[in-house]
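Written below as structure tokens is the structure these notes are about.
Nothing in this text is a laboratory measurement; each read-out follows from the coordinates by a stated rule. Computed from a predicted model, the values in this text were never measured in an experiment. Neighbour counts run over all protein chains shown; Cβ positions are idealised from the backbone, glycine included.
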Amino acid sequence: MQVFLFVIVGLISGGLGAMVGLGGGVIIVPALTLFCGVPIRQAIAASLVAVIATSITAAIGYVREGFANIRLGMTLEISTSIGGMLGGLTAAALNREVLSGIFGVALGLISGYLLVRHRIADSYTLSCEQGLLGGCYYDPSLGKEVHYRVRRLPVGLLASFIAGNISGLLGVGGGFIKVPTLIIAMGIPVKAAIATSSFMIGITACAGAYIYYTRGMVNPLVAVPVTLGVTAGAYISSRLAPRVKSVYLTIILAIILLGLSIQMLLAAFGINLLGQ
């Protein structure tokens with residue numbers, strides 16, 4: 001019965017997360033912890049395993065279409081993976097209450113990001129000279145090839161390290177940091193930023209998941225059904241997304257995450273309104 005519940009958690013998390021481009025990690029960890037009574041470190045480990053699976057699925061499509069900038073992604077992954085491993089080591093050293101508090105704060109920030117991200121617009125520099133890390137792709141909505149240069153690489157490396165640290169610490173993809181940084185600070189077009197971030201997230205999650213695995217925190221009875229559910233949810237979401245107005249779904253998810261944020265913060269002080 002509990003295994004079936006884990007699949008349902010993954011299904012809902014993967015479906016909602018994929019529709020708004022965040023992945024399921026931001027929902028998986030609080031859902032497993034608050035509703036299923038799973039220890040938070042096992043929940044984070046299961047989330048990282050699920051993130052790896054969904055990232056691979058998404059990245060295949062983005063790479064095939066030419067949106068993902070592989071050179072840039074691998075360059076940023078140097079600092080991101082280091083951050084992911086350090087985040088995993090940090091999580092192993094923190095107690096449950098502190099982890100719950102940190103996750104609560106992170107959920108609140110992600111909720112705010114969802115509500116304002118529609119204001120983030122393309123700020124890329126059109127250039128025939130792409131430089132070493134720049135790229136190009138064909139945009140069917142514009143009917144032309146888009147060429148761009150990469151700006152402020154040091155800022156991107158720093159932000160990637162922070163995103164990796166958060167990923168390893170909390171079991172989330174870190175896309176809510178990577179995507180705005182790629183667009184605003186580095187001048188990457190929105191479509192290329194989302195694709196490159198999706199490609200990077202799986203590699204980052206591998207670094208964090210390795211630490212949890214070596215510490216014996218990956219419980220297959222939790223991780224496997226959650227991953228199956230997330231993968232199925234993400235696939236169903238990809239089929240339904242064109243028919244759903246994402247703006248309404250984003251607002252609903254932001255409200256849900258805000259509620260989960262409050263409960264995770266309360267859990268840090270031993271208060272659980274959900275009765276677990």
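Springs join every pair of Cα atoms under 10 Å in this Gaussian network model of the chain, and among 144, 191, 178 the largest mean-square fluctuation is at 144. Taking Cα extents along the principal axes in Å as calculated from this structure, the corresponding entry among (1) 58, 39, 30; (2) 75, 42, 39; (3) 71, 57, 38 is (1).
Cβ-Cβ distance of residue 266 and residue 74, R₀ of 25 Å, FRET efficiency by 1/(1 + (r/R0)^6): the value works out to about 0.05. With each label modelled as a point 7 angstrom along the Cα→C-beta vector, the residue 236-residue 35 pair spans 1.2 nm.
What net charge is computed for the residues neighbouring residue 167, neighbours being all others with C-beta under 13 Å from the C-beta of residue 167, Lys and Arg scored +1, Asp and Glu -1? Counting the neighbours of residue 167, the net charge comes to 0. Its relative contact order, with pairs defined as Cα atoms under 8 Å and 6+ residues apart, puts the chain at 39 percent. When the helices of the chain are scored as -39500 (n - 2.57) per DSSP H run of n ≥ 4 and the total is divided over every residue, the value at 222 nm lands at -24000 deg cm²/dmol.
Potential lengthening of the chain between residue 93 and residue 142 amounts to 12.7 nm, from the contour at 0.36 nm per residue minus the alpha-carbon distance.
Farthest towards the positive end of the charge dipole of segment 2-267, among the residues 222, 44, 262, is the Cα of 262, using unit charges on the Cβ of Lys, Arg, Asp and Glu. For segment 177-206 and segment 35-78, what is the separation of their C-alpha centers, rounded to whole Å? Using only Cα atoms, the two centres lie 12 Å from each other.
By the Stokes-Einstein formula, at 0.890 mPa s and 25 °C, segment 153-203 with its Kirkwood radius over alpha-carbon pairs has D equal to 231 µm²/s.
Taken over the C-alpha atoms, segment 1-82 has Rg and Dmax values of 14.7, 45 angstrom.
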